[in-house]
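Q: First, the structure itself, so that you have it in front of you.
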Amino acid sequence: MKKYSLKPLPHDHLQLVVPQKLRVNYKTDLNEAQYEAVTSVNGPHLIIAGAGTGKTRTIVYRVSYLVELGVRPDAILLLTFTRKAAQEMLRRASILLDARCERVSGGTFHSFANSVLRKHAPLLGLERSFTILDQTDAEDVMNLIRTRLKFDTKERRFPRKEALYDLYSRSVNTLTPLSALLAVDYPQYLEQEQDISTLCREYEAYKKRHQLMDYDDLLTSLARLLQEHESVRDLLSDRYKYIMVDEYQDTNRVQAEIARLLAGAHRNLMVVGDDAQSIYSFRGSTIRNILEFPEQFPDCKVIKLEENFRSTQPILNLANAILARAGTGERT
């Protein structure tokens, strides 16, 4: 006799039933595009949201909507660029719906990476009690090594600690070899490439010996953990069934890879950003993350928030004209 068994639905087809009566009137509170973004649940989504189009409101309402559908709050992960931004969004969502929204997992990429690595660091050969270097500390370590190697006594002036750390950090965040970065962005240091490479290797060895991690290490280590350890990747993907990333235009390559890997099992990833602005390029962010999202997820749903609530029409007309010329390469 043939036996039948029930199998769970794949994560990208999670069945959520909309209650007959929702506590929040999403249809009335939101415009058409915002409502579409809030109520689009499963699968990859790209939300293009310019300044003043209600981006934060949309994220707040989507958190509320998911919780109303019965998603466990701790199964929702909201990644933002500042802890304050995450806290404010979840506070507003809790006011909108109820206190369950405060239990949503929200924070920065770095804080999320820190919490994950504290549990799984041994898989990477690290101790769970590693110490985090802030930027000032990292620059001081660079300077210590610079002095030990006597690079500060060379006839030709060697880069200062701030420049060295900026160079190293940009190389890590953009996944660009040091030689290529020097050639394009730091040609004044090309003659010292060998010494700079030596210093960077010594910096990495120093951190490893002393169980130190800088901010960049948090991201690269989490990405490596997700890439190399399928069990951890599946564990996190199963825990966080709905992932949202704010200000996606300001993510770097490593952060984009982390988001992709976290959503690998279910693909319920919504990224929100403005393809016309990027304010953190000096930290290695790249606008290509938002432009290439549809290529990484060919079936993604693209929703544009275009109704502006801050500016008058003449100002918007001027802004649109400037953006149009920027897109064609014309001088303004």
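Q: Taking each pair of distinct Cα atoms in the stretch 165-299 once, what is the resulting Kirkwood hydrodynamic radius in Å? Intermediate values should be presented prior to the final figure.
A: Details: mean 1/r = 0.0608 Å⁻¹.
Evaluated over the stretch 165-299, this radius sits at 16.4 Å.
Q: Let me check I have the definition right: for the stretch 236-278, take the eigenvalues of the Cα gyration tensor, multiply each by 5, take square roots. What are those semi-axes in whole Å, largest first? If you can, show how the numbers build up before the last one.
A: On the way: eigenvalues 85, 22, 8 Å².
Equivalent-ellipsoid dimensions as semi-axes: 21, 11, 6 Å.
Q: If you don't mind, another one. Among Tyr203, Leu149, Met213, whose Cα sits farthest toward the positive end of the charge dipole of the stretch 146-220 (+1 at Cβ of Lys/Arg, -1 at Cβ of Asp/Glu, about the Cα centre)?
A: The one lying farthest along the dipole's positive direction is Leu149.
Q: Are there GluC sites (Glu not before Pro) in the stretch 64-149 that DSSP puts in a loop and that have at most 14 other Cβ atoms within 10 Å, and which ones? Before the final figure, lay out each step's value.
A: Details: sites: Glu68, Glu88, Glu102, Glu127, Glu139; in loops: Glu127.
For GluC sites (Glu not before Pro) across the stretch 64-149 that sit outside H, G, I, E and B with at most 14 neighbouring Cβ atoms in 10 Å, the list reads Glu127.
Q: Using 0.36 nm times the number of residues separating Arg224 and Glu162, minus their current alpha carbon distance, what extension gain do you get? Write out the running numbers ahead of the final one.
A: Working: separation 62, 0.36 × 62 = 22.32 nm, distance 2.66 nm.
Separation in residues times 0.36 nm, less the Cα-Cα distance, equals 19.7 nm.
Q: Something else about it: Considering only the other residues whose Cβ falls under 14 Å of the Cβ of Leu133, what net charge follows from Lys and Arg at +1 and Asp and Glu at -1?
A: On the way: positive: Lys161, Lys207, Lys208, Arg209; negative: Asp134, Asp137, Glu139, Asp140, Glu204, Asp214, Asp216, Asp217.
Overall, the nearby charge balance is -4.
Q: Moving on to the next point. For Asp275, list long-range residues whose amide hydrogen, built 1.01 Å from N in the peptide plane, is under 5 Å from its own amide hydrogen.
A: Hits under the 5 Å cutoff: Ala49.
Q: If you don't mind, another one. For Ser105, what residues show an amide H to amide H distance below 5 Å, using hydrogens built from the backbone and excluding near sequence neighbours?
A: Ile76, Leu78
Q: Can you give the angle from 0 to 90° between the axis of helix 55-68 and the longest principal axis of the chain, with both taken from C-alpha atoms, to the nearest 10?
A: Long axis of 55-68 versus the principal axis of the chain: about 60 degrees.
Q: For the stretch 179-191, just list the computed ³J(HN,Hα) in residue order, Karplus coefficients 6.51, -1.76 and 1.60, θ = phi - 60°, integers in Hz, with x standing in for Gly and Pro.
A: 4, 5, 5, 4, 4, 8, 9, 9, x, 5, 10, 4, 5
Q: Determine the share of the stretch 69-141's accessible area contributed by carbon and sulfur atoms, expressed in whole percent, with a 1.4 angstrom probe. Display every interim value, and only then the final one.
A: Working: 1740 of 3560 Å².
The value for the stretch 69-141 is 49 percent carbon and sulfur by accessible area.
Q: What would the Debye equation give as log₁₀ I(q)/I(0) for the stretch 104-239 at q = 0.16, 0.22 Å⁻¹, counting only Cα atoms as equal point scatterers?
A: -0.86, -1.33
Q: May I ask you to give the solvent-accessible area per residue for the chain, in square angstrom, as obtained with a 1.4 angstrom probe? Show your work: numbers first, answer last.
A: Numbers: 17950 Å² over 332 residues.
Normalised by residue count, the accessible surface of the chain is 54 Å².
Q: Per residue of the chain, what 222 nm ellipticity follows from adding -39500 (n - 2.57) for every DSSP H run with n ≥ 4, rounded to the nearest 500? Display every interim value, and only then the final one.
A: Details: 15 runs with 163 residues, N = 332.
Theoretical 222 nm ellipticity from helices: -15000 deg cm²/dmol.
Q: Ratio of alpha-carbon Rg to the 2.2 N^0.38 Å globular estimate for the chain, to two decimals, please.
A: This ratio for the chain stands at 1.14.
Q: Report, in debye and to the nearest 20, how large the dipole of the stretch 87-237 comes out about its Cα centre when Lys and Arg carry +1 and Asp and Glu carry -1 on their Cβ. Please report the intermediate quantities before stating the final value.
A: Working: 22 positive and 24 negative charges, 62 e Å.
Taking the Cα centre of the stretch 87-237 as origin, the dipole is about 300 debye.
Q: Let me ask you something else. Simple spin-label model, 7 Å along Cα-to-Cβ: Lys304 to Ala51 in nm?
A: Each label point lies 7 Å from its Cα, and together they span 1.9 nm.
Q: So, counting K/R as plus one and D/E as minus one, what does the shell of residues with Cβ under 13 Å around Val71 add up to?
A: Values: positive: Arg62, Arg72, Arg100, Arg103, Arg239, Lys241; negative: Glu68, Asp74.
Net charge around Val71: +4.
Q: Tell me which residues come under 5 Å, amide H to amide H, from Asp214 once H is placed; ignore anything under 5 positions away on its chain.
A: Correct list: Leu133.
Q: Let me ask something else. Across 10 Å bins from the origin, how do the percents of Cα pairs in the stretch 52-168 run, short distances first?
A: In whole percents, the pair-distance histogram is 12, 27, 22, 20, 12, 6, 1.
Q: Assuming 0.36 nm per residue, please report the length gained on full extension of the stretch Thr147 to Ile132 beyond their Cα-Cα distance. Write down the numbers at each step before the final one.
A: Numbers: separation 15, 0.36 × 15 = 5.40 nm, distance 2.23 nm.
Full-extension gain reported as 3.2 nm.
Q: Quick one: ranking Ser231, Ser64 by accessible area, 1.4 Å probe, largest first, what do you get?
A: Values: Ser231 85, Ser64 0 Å².
Most to least solvent-accessible, the answer reads Ser231, Ser64.
Q: Hey, which of these cross-link pairs are over 21 Å Cα-Cα: Lys84/Lys241; Lys154/Lys207; Lys55/Lys304; Lys241/Lys301; Lys27/Lys304? Write down the numbers at each step before the final one.
A: On the way: Lys84/Lys241 23 Å; Lys154/Lys207 25 Å; Lys55/Lys304 10 Å; Lys241/Lys301 18 Å; Lys27/Lys304 17 Å.
In this structure, Lys84/Lys241; Lys154/Lys207 exceed 21 Å between Cα atoms.
The values are calculated or read from the model by the stated rules, or taken from the named source; none is laboratory data. Values in this document were obtained by computation on a predicted structure and should not be read as measured data. Cβ atoms come from the backbone with ideal geometry, glycine included; neighbour counts cover every protein chain shown. Keep in mind that these areas ignore ligands, DNA and RNA; they rest on the heavy atoms of the full protein, side chains included. Shrake-Rupley method; radii C 1.70, N 1.55, O 1.52, S 1.80 Å.
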